[in-house]
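These notes are about the structure you will find just below.
Any read-out appearing in this document is the output of simple, stated calculations on the displayed coordinates, not a laboratory observation. Just so it is clear, the structure is predicted and the values come from calculations on it, not from any experiment. Virtual Cβ from ideal backbone geometry, glycine too; neighbours counted across all protein chains shown.
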Amino acid sequence: MTAAISADGIRQRYGDVQAVDGVSLTVEAGEFYGILGPNGAGKTTTLEILEGIRKPDEGRIELLGLAPWPRNPKLLRRIGVQFQASAFFNRLTARETIRTFGSFYGVGPKAADAMLERVGLTESAGVMTDKMSGGQAQRLSIACALVHGPELVFLDEPTTGLDPQARRNLWDLLRDINAEGRTVVLTTHYLDEAEVLCDRVSVMDRGRILRTGAPAALIREIDDTVRISVESGQLPIDTARELLTAAGAETTSLEDDGVSLSLSTRLPAPVLSVLADRGALRGLEVRGATLEDVFLQLTGREYRA
Amino acid sequence: MTAEPTTVAPAQAPAPGSPPPAERERVSAFASLSRVMIVAFVRDRSALFFVLLFPLMFLMLFGTLLKGASSPHAKVEQVGAVRVLDSVQGEARAGLEQVLTITKGDDEAAALEKVRKGDLDAMIKEGPDGKVVVRYSAADQVRSGSVQGIVNSVVQQANQAATGKPPAFVMESSQVEDGSLKPIQFLTPGLLGWAVATGAVFGAALTLVGWRQKKVLRRLRLAPVSAGSVIASRVAVSVLTALVQTAVFLVVATTPFFGLKLTGDWWLIVPLVVCATVAFMSIGLLAGSIAKTEEAANGISQIIVLPMSFLSGSFFPTDGMPGWLEAISQALPLRHLVTASQSVLSRGGGVMDALPTMGGLLLFAAVMTGISWKLFRWED
Ligand SMILES: Nc1ncnc2c1ncn2[C@@H]1O[C@H](COP(=O)(O)OP(=O)(O)OP(=O)(O)O)[C@@H](O)[C@H]1O
Ligand SMILES: [Mg+2]
């Protein structure tokens, strides 16, 4: 079975900015794949090159076994695309918009309306697209990407701007379409989203893919790190540092942001006993590593979405 | 959710190898893009006003104001006795009064004041040496010119009669058009050309810029929609708009009130307008390729359409233009549309008057489209 996407050595430069710097990746058919990274990491540029709307300076790409550049209408029928910024015709309602996009693929109005229903926009079907809320526009934009039942779907930050409820609903929708056998590639800022949805993620920063793997596997690689936090003001940070060193409890980070005193460590037991001794356990939280820690470890920087 | 790639067949995806219904998709893309543009146009109140209503208002306004303006019938006041005029009697007098309304008075100053105010077209008196004196205002040159012409011819006839010999030279002039050639015959083709140019230039420019700004062009590139469908639908909608403008103009202008009389092959206006629409769209395409925002596209289109309309004789005849302006005018597609449609609508022109213009308009469109092609951008 051919891979849904195989890309090798993609590079793209804008003036002085090396937006994509040697990205190679393979997405299997039916996989749910995430590209995770902060602003300006090069996610959108990578996606656009994969979609075939941008010609890379370098690199070789195949989608479903076909080259996306130059434009290939046969391939376009099999992929669905949602841009980071919505792209709607002027002065049309949501229903007219989805029907129009449907018609490009020979999808009838009934099926188009059903897609609108699926993203929960039936009630807003008569609203002009420029009067829709950010979240509604986002959902319409996704519906337009899915209306023709593509085998391979590209979504650029699909849940940005959605309220928590709409976000959950969209997650369900994306899981459903993936369960139908469609390959889904999405970019996101949200680590939790990648963790919950994706079979595999690539962590991207400054145009490079730092690591690719199942979220659980990436986390397991550093799962001996535990994050511990307590309410701030119970123990001065300098005292804490001295006590922890004295107790032989090594920490990889220790900070007090005025709300909580938090630290990461591989040895939670001595840390917890130090805190207990000083009676500084109010608001105690202990949690295992997340993708955030993966990012921290890979880049040496805190993750800022 | 599994980490294993699933092998479930996509539920709605086309089975590989089955022939894609490309032909049906092409037709349906053309139809729905056309629909999208028509709906957007109809919902855009200001576009609707400027393309359909505004030119029509101009036609009705000018048509009403200039009603009967071209008749040489002028009002003059004769102060005191003027022998040459008084001597015209009988049948000749009736003929004279068809073109001149002559009132008699004896207050020269009052009569001059009336001429100044425009209540009279001229004052006529006989000077002490027997000269006929005509005092007129330069405000209405057509009228004053015709008064001078008439009086002059009366004087000539009197002179000639005085010699008792038959005239050595005679000039006989008559209009080639029938006597009913009224301003509406010129106004309609001129203003129609302006209206068609406005609709087509703005339609093409704003669609291009609007779609580029809203990222629709990019989005269409990732849908199996051919550039041909996009262009064909835009041309179809613009041509349809232009034909609606033409129909409305002709219906209004031919009402008895405005009294446009269509000549023989007037139907040639249809292919002329179609070709001109394509030519104007190519101007809009160029404007849209240069402009980055809808406002800029609007401005550039305006800067092109309005001067082009003046130079092409949409609003008033271009006869007196200096040579260099005339040369510019000749390069404008609207000039040729106006000339050709005056010919077929009002002057009895036929296929041979329209064909070269149609060819020229299409050639113009081809050249402009070629230039736009070089400047074309899919996205900002
Ligand atoms: N059209 C462009 N012209 C010039 N520079 C660009 C262009 N598009 C992107 N860049 C630059 O390339 C880099 C990568 O941008 P890109 O949009 O791919 O990032 P991203 O990961 O999608 O970011 P975000 O999370 O903000 O959407 C950025 O530094 C950006 O400034
Ligand atoms: Mg982006």
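Remarks
- Cα gyration tensor, chain B - rounded (a/c under 1.5), prolate or oblate: prolate
- Relative to the current alpha-carbon distance between residue B:66 and residue B:298, full extension at 0.36 nm per residue lengthens the span by 80.4 nm.
- Separation in nanometres of the label points that stand 7 Å from Cα toward Cβ, at residue A:259 and residue B:101: 9.0
- Alpha carbon centroid spacing (whole Å) that separates region B:191-207 from region A:118-153: 33
- Exposed-site-free run, longest, chain A (rule: trypsin sites (Lys or Arg not before Pro); DSSP loop; at most 16 other C-beta within 10 Å): A:72-205
- Ranking of A:51, A:231 by count of other Cβ atoms within 10 Å, fewest first: A:231, A:51
- Estimated 222 nm signal from helices in the protein assembly as shown, with DSSP H stretches of n ≥ 4 weighted -39500 (n - 2.57), rounded to 500: -16000 deg cm²/dmol
- Considering only chain B, percent of DSSP beta bridges that pair antiparallel, nearest 5: 35
- Shielding by other protein chains, B:207-220, mean Cβ within 10 Å: 4
- Cα gyration tensor, region A:223-288 - rounded (a/c under 1.5), prolate or oblate: rounded
- Each of A:256, A:293, B:129 was scored by other Cβ atoms within 10 Å of its Cβ. Arranged with the fewest first, they read B:129, A:256, A:293.
- Förster radius 25 Å - calculated FRET efficiency between residue A:165 and residue A:117 (Cβ-Cβ, nearest 0.05): 0.90
- The distance between label points at residue B:327 and residue B:162 comes to 5.0 nm (points 7 Å beyond Cα on the Cα→Cβ vector).
- Prolate is the label for the protein assembly as shown, because the ratio a/c of its alpha-carbon gyration tensor axes (a ≥ b ≥ c) is 1.5 or higher and a/b is greater than b/c.
- Efficiency of FRET between residue A:2 and residue B:373 - r from beta-carbon atoms, R0 35 angstrom, step 0.05: 0.45
- With both residues required to sit in region B:74-162, DSSP beta bridges show an antiparallel share near 35%.
- Cα-based helix-to-principal-axis angle, B:227-253 vs chain B, degrees rounded to 10: 30
- Beta bridges per DSSP with both ends in the protein assembly as shown, % antiparallel, nearest 5: 60
- Too-long pairs where the Cα-Cα distance tops 26 Å, listed order kept, from A:43/B:215; B:131/B:165; B:104/B:182; A:74/B:292; A:55/A:131: B:104/B:182; A:74/B:292; A:55/A:131
- Counting beta carbons within 10 Å around each of A:148, A:189 and listing the fewest first gives the order A:189, A:148.
- Residues of region A:246-284 with amide N under 11 Å of a point placed 7 Å along Cα→Cβ from residue A:237: A:254-263
- Phi to ³J(HN,Hα) by Karplus 6.51 cos²θ - 1.76 cosθ + 1.60 over region A:16-28, Hz, x for Gly, Pro: 8, 8, 8, 5, 10, 10, x, 8, 10, 7, 10, 10, 6
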